[in-house]
Amino acid sequence: VERPPKQNVLTEFQSVIKETFFHDEPLRAFRGQRSHTKFYLVLQAIFPILEWARSYNLQKFRGDLIAGLTIASLCVPQDIAYAKLANLDPQYGLYSSCVPPLIYAFMGSSRDIAIGPVAVVSLLIGTMAQNEIDPKKNALAYRRLVFTATFFAGVTQFALGFFRLGLLIDFLSHAAIVGFMGGAAITIGLQQLKGLLGITNFTKNTDIISVMHSVFGTVHHGWNWQTIVIGLSFLAFLWLTKYTAKKYPKLFWVSAIAPLTSVIVATFCVYITRADKEGVAIVNRIERGINPSSAHEIYWTGDLFLKGFKIGVVAGLIALTEAIAIARTFAAVKDYNVDGNKEMVAMGTMNIVGSMTSCYVATGSFSRSAVNFMAGCNTAVANIVMSCVVLLTLELITPLFKYTPNAVLASIIIAAVFPLVDIPAAILLWKIDKFDFLACMGAFFGVVFKSVEIGLLIAVAISFAKILLQVTRPRTAVLGRLPGTLVYRNDFEMAKQ
């Protein structure tokens, strides 16, 4: 074999860049094509809907319509609850399930993912933004900071996809994500004790010690028994429907419509009994109408601009990690490919536009995507149907949510985040890789006992340390041939014995 010709430094550098970022040759389809064909291919690359829409038919629309209506019944009460988790008025949660899903439907490559606010990102934004501005004392400045963070979350996601830098997400290992999500779920659940127990004065801290002190310190004068009855009753109902759906998969719709059913029944009960006069906290007023423009509310200069940038980058990475994991999971089940870079560009675009239309960070929701999948969705048209239903909700029926008790919203959040605590995954990590288990537990305890930001920092630090350890100390094996065979085994001396 002849020695390969010697390459200069520039050629070697180009080869490395191509192998790292362009190994799939994204421009291969453009070679030898006419100008108008190249233009259409560019449009098709930006808007994948142009590719699959050609084979779309009435039968597929029937499945998407049913799926879209089903996830809409789930998303409306969840959006109202998640907005409160982010310290925003309820309508902003509904806004975030209106514009972003429409944009994703045209630009995303996943058929099954359902777009909207999610609990973990809502908590992350609410916690980090609250540390900078008090949402009660200065609601306008707080809202502007959230919109600024949403804009930079979108910019971060778009940049990662456009420059094909999705490999940076791999620094958050699966083990770290399991621990972070579990810790965030516990933290979110603890935060909902305020609404579930009817506590008025509640701590702003998210660590378990502060929350428990706040809960039990008000047991004799801060709890409201009517609120507790409402919250626990509907929490039991939601868990019962989840158990039913898990045991009988064909009854998935029972769990899907349970949150909306809970909201309707609880609202009606509070209205006819006027329980709000007895101390039961209610939603009160939800602004009616479609998304107003918020482009003028984004901070473009000053100290809050930098704080919004910091919050946005963190929230954008977490949202992107969750969305791509969900998209790849369902794509593997249905045996089709999801383009990670297109997903990042789509997510980034929808959040950039969302920040200018009164939305906060939206991403793929696992609970809604699972319902979407079970309901028989075929394409991203299900997101369009869901968005239209939310639009009608904003235009027509938001005044009906006035007497919705906060306790039922708290029970919806607790029921939604409970599956995020993945104990079997943690046990499997312990059996397979102790270092991964350490990363998982570090992230978990960091979130639970300190804060979401600290837990995330620990998760990234341990994941990065593992990568460096694997690079600097790669695993090696000494092979030896077993006498009288053609079999080679690791640890030859032990095998020979």
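The values are calculated or read from the model by the stated rules, or taken from the named source; none is laboratory data. Values in this document were obtained by computation on a predicted structure and should not be read as measured data. Backbone-built Cβ (ideal geometry, glycine too); neighbour counts: all protein chains shown. Areas reflect the complete protein model, heavy atoms only, side chains present, ligands, DNA and RNA absent. Shrake-Rupley method; radii C 1.70, N 1.55, O 1.52, S 1.80 Å.
Looking only at residues of the range 347-366 that are among the β-branched types (Val, Ile, Thr) and farther than 19 Å from ILE326 by Cα, we find that the one that is farthest from the chain's Cα centre (by Cα) is THR357.
Residues in the range 324-369 that are aliphatic (A, V, I, L, M), within 19 Å of VAL146 (Cβ to Cβ) and in contact with a strand residue (DSSP E or B) (Cβ under 6 Å, 6 or more places away or on another chain): ALA362 only.
Residues in the range 322-377 that are among the acidic types (Asp, Glu) and in a helix (DSSP H, G or I) were compared, and the one that is surrounded by the fewest Cβ atoms within 10 Å (Cβ to Cβ) is GLU322. How many residues does the range 154-186 hold that are at pLDDT 90 or above and either in contact with a Ser or Thr (Cβ under 8 Å, 6 or more places away or on another chain) or on the phi > 0 side of the Ramachandran plot (or both)? Total meeting the criteria: 2.
Select from the range 78-111 the residues that are under 14 Å from the mean Cα position of the chain (by Cα) and charged (D, E, K, R) and list them in ascending order. Hit for the range 78-111 is ASP79, nothing else.
Counting the residues of the range 107-127 that are of a type in the set (Ser, Thr, Tyr) and either modelled with pLDDT of 95 or more or more than 17 Å from ALA325 (Cβ to Cβ) (or both) gives 2. Filtered by the rule that a residue be touching a helix residue (DSSP H, G or I) at 6+ places or on another chain (Cβ under 7 Å) and either of a type in the set (D, E, K, R) or not in a helix (DSSP H, G or I) (or both), the range 378-435 gives ASN378, THR379, ALA380, TYR403, THR404, PRO405, VAL421, ASP422. Limited to the range 195-220, what total is found for residues that are farther than 21 Å from GLU453 by Cα, open to solvent by 80 Å² or more (accessible area, probe 1.4 Å) and not hydroxyl-bearing (Ser, Thr, Tyr)? Of the residues in the range 195-220, 4 are farther than 21 Å from GLU453 by Cα, open to solvent by 80 Å² or more (accessible area, probe 1.4 Å) and not hydroxyl-bearing (Ser, Thr, Tyr). Identify the single condition in (1) buried (at least 22 other Cβ atoms within 10 Å of the Cβ); (2) within 18 Å of TYR92 (Cβ to Cβ); (3) modelled with pLDDT under 90 that ALA319 does not satisfy, given that it satisfies every other one. Answer for ALA319: the failing condition is (3). The single condition among (1) open to solvent by 40 Å² or more (accessible area, probe 1.4 Å); (2) touching a Ser or Thr at 6+ places or on another chain (Cβ under 6 Å) that ILE286 does not meet is (1).
You will find that of LYS60, LYS6, LYS38, the residue that is more than 30 Å from ARG288 (Cβ to Cβ), in contact with a Phe, Trp or Tyr (Cβ under 6 Å, 6 or more places away or on another chain) and open to solvent by 60 Å² or more (accessible area, probe 1.4 Å) is LYS38 and no other. Might you check whether a residue that is open to solvent by less than 10 Å² (accessible area, probe 1.4 Å), of a type in the set (Phe, Trp, Tyr) and touching a residue at least 24 places away in the same chain (Cβ under 8 Å) occurs anywhere in the range 309-316? No - not one qualifying residue is present in the range 309-316. Scanning the range 24-35 for residues that are part of a helix (DSSP H, G or I) and surrounded by 10 or more Cβ atoms within 10 Å (Cβ to Cβ) turns up ALA29, PHE30. Looking only at residues of the range 221-279 that are open to solvent by 60 Å² or more (accessible area, probe 1.4 Å) and of a type in the set (S, T, N, Q), we find that the one that is farthest from the chain's Cα centre (by Cα) is THR273. Residues that are open to solvent by 20 Å² or more (accessible area, probe 1.4 Å) and within 30 Å of ALA275 (Cβ to Cβ) within the range 174-194 comprise ILE186, LEU190, GLN191, GLN192, LEU193, LYS194, listed in sequence order.
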